[in-house]
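The values are calculated or read from the model by the stated rules, or taken from the named source; none is laboratory data. Computed from a prediction, not measured in an experiment: that's the story for all the values here. Cβ sites come from the backbone with ideal geometry, for glycine too, and all protein chains shown count toward neighbours.
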Amino acid sequence: MLGYILRRTCLGVTVLILAVSTLYVLVQLAPGDPASAMLGPRATPAIKAEFAERLGLDQPMPVQIVKYLGSVAQGDLGTDLRSRRPVSEVLMAHLPHTVQLITAAMLLAAGLGIPLGCLAAVRRNGLFDRLIGLLSVSVIAVPSVIIAIYGMLLFSARLGWLPAIGAGEGGFGSTLHHLIMPAVAVGIGWVGYLARLVRASMIEVLSANYIRNARSFGLTEPRIISRYALRVAVAPTITVLGVGVGYMLGSAVFAEIVFARPGIGKLMYDAVILRNYPVTLGAVLASSALLIAATTAADILNAIIDPRFKEGQEQ
């Protein structure tokens with residue numbers, strides 16, 4: 001198992017390096033001139049050339065990538081062109097808000113999707129199963145930005161139950177209060193995905209031979225489901241949640257813009273608008289690292305729960 005964890009971690013680091021290199025090229029090739037965006041239209045060509053030289057934008061692209069990766073390896077992500085603060089400091093001020101949002105969305109998706117899918121499988125083809133299927137398809141079909149906007153209009157503007165903007169004043173209660181609507185907007189669609197996935201997996205597991213053997217030994221149905229069937233059926237859910245972090249990060253960008261949360265998504269959006277290269281690359285690096293860490297952790301957890309998963313990955 002230790003060897004598998006090391007190999008999976010090395011693969012994650014390699015993917016992160018390739019992702020950052022690719023995204024560095026894409027950011028540099030994006031339309032617009034960062035010097036004109038930062039210095040204004042009245043900047044002279046000499047000032048723009050000096051600005052590009054200071055950022056290293058006058059060098060060949062491979063040299064820029066190698067230098068940037070070397071700086072990242074040393075913990076130097078550059079300097080924010082607007083505030084003149086280190087990019088790492090700017091990211092650490094915004095990253096916790098995005099981590100809170102993604103974690104809350106994942107807990108919501110798993111906390112509702114897994115039990116609903118399990119119950120739907122146990123009561124297969126019944127009224128409850130059909131109702132869960134209908135609700136699952138409904139929440140999957142609605143974009144998170146629409147849920148965010150209508151949630152704000154209903155629960156903030158009309159009912160006044162939940163705050164419309166911000167991330168709270170620092171206390172746990174205030175943070176949780178401001179987190180409810182963004183977490184629902186990001187995670188509600190994944191409740192439907194997980195419910196359908198767990199239902200299909202549970203139906204397959206409940207027809208397995210070892211489940212029939214457990215019933216023949218006189219074990220109760222709740223014990224069979226909780227101790228034997230659900231543990232195997234939930235394994236695909238872990239993988240989906242790991243991959244789903246990337247989709248949730250995309251949804252978090254819209255949620256943070258709508259609810260004015262100071263997270264990585266809103267930081268990235270503002271940096272792209274201002275052509276702030278160092279912050280844009282730092283935000284992309286942080287988002288990529290979160291996604292790769294989540295998928296790596298999901299694979300390791302799956303290997304611990306079900307050793308057959310590790311054997312399939314190694315073949």
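Here are a few things to note about the model shown:
- Residues of the range 90-113 include none that is more than 25 Å from GLY246 (Cα to Cα) and of a type outside the set (Ser, Thr, Tyr).
- Hits in the range 102-159 (condition: polar (S, T, N, Q) and either on the phi < 0 side of the Ramachandran plot or buried (at least 18 other Cβ atoms within 10 Å of the Cβ) (or both)): THR103, SER136, SER138, SER144, SER156
- Residue match in the range 262-275 (condition: within 24 Å of LEU108 (Cα to Cα) and either of a type in the set (Asp, Glu) or surrounded by fewer than 20 Cβ atoms within 10 Å (Cβ to Cβ) (or both)): yes
- In the range 270-286, the residues that are on the phi > 0 side of the Ramachandran plot form Cβ pairs under 9 Å with partners that are surrounded by fewer than 18 Cβ atoms within 10 Å (Cβ to Cβ) and in a helix (DSSP H, G or I), at six or more places apart or across chains, as follows: ARG275/SER36; ARG275/ALA37; ARG275/MET38.
- Among the residues of the range 158-165, not a single one is of a type in the set (Gly, Ala, Ser) and either assigned to a helix (DSSP H, G or I) or touching a Pro at 6+ places or on another chain (Cβ under 7 Å) (or both).
- Residues of the range 62-85 that are more than 11 Å from LEU281 (Cβ to Cβ) and either touching a residue at least 60 places away in the same chain (Cβ under 8 Å) or surrounded by 18 or more Cβ atoms within 10 Å (Cβ to Cβ) (or both): THR79, ASP80, LEU81, ARG82.
- Scanning the range 127-142 for residues that are touching a residue at least 12 places away in the same chain (Cβ under 8 Å) and out of contact with any Gly (no Cβ under 6 Å at 6 or more places or on another chain) yields ASP129, ILE132, GLY133, LEU135, VAL137, SER138, VAL142.
- Of all residues in the range 194-216, none satisfies being under 18 Å from the mean Cα position of the chain (by Cα), surrounded by 18 or more Cβ atoms within 10 Å (Cβ to Cβ) and of a type in the set (Gly, Ala, Ser).
- Qualifying helices (runs of 4 or more DSSP H) (wholly inside the range 223-315; at least 1 residues being at pLDDT 80 or above, over 24 Å from LEU197 (Cβ atoms) and touching a Lys or Arg at 6+ places or on another chain (Cβ under 7 Å)): 235-258
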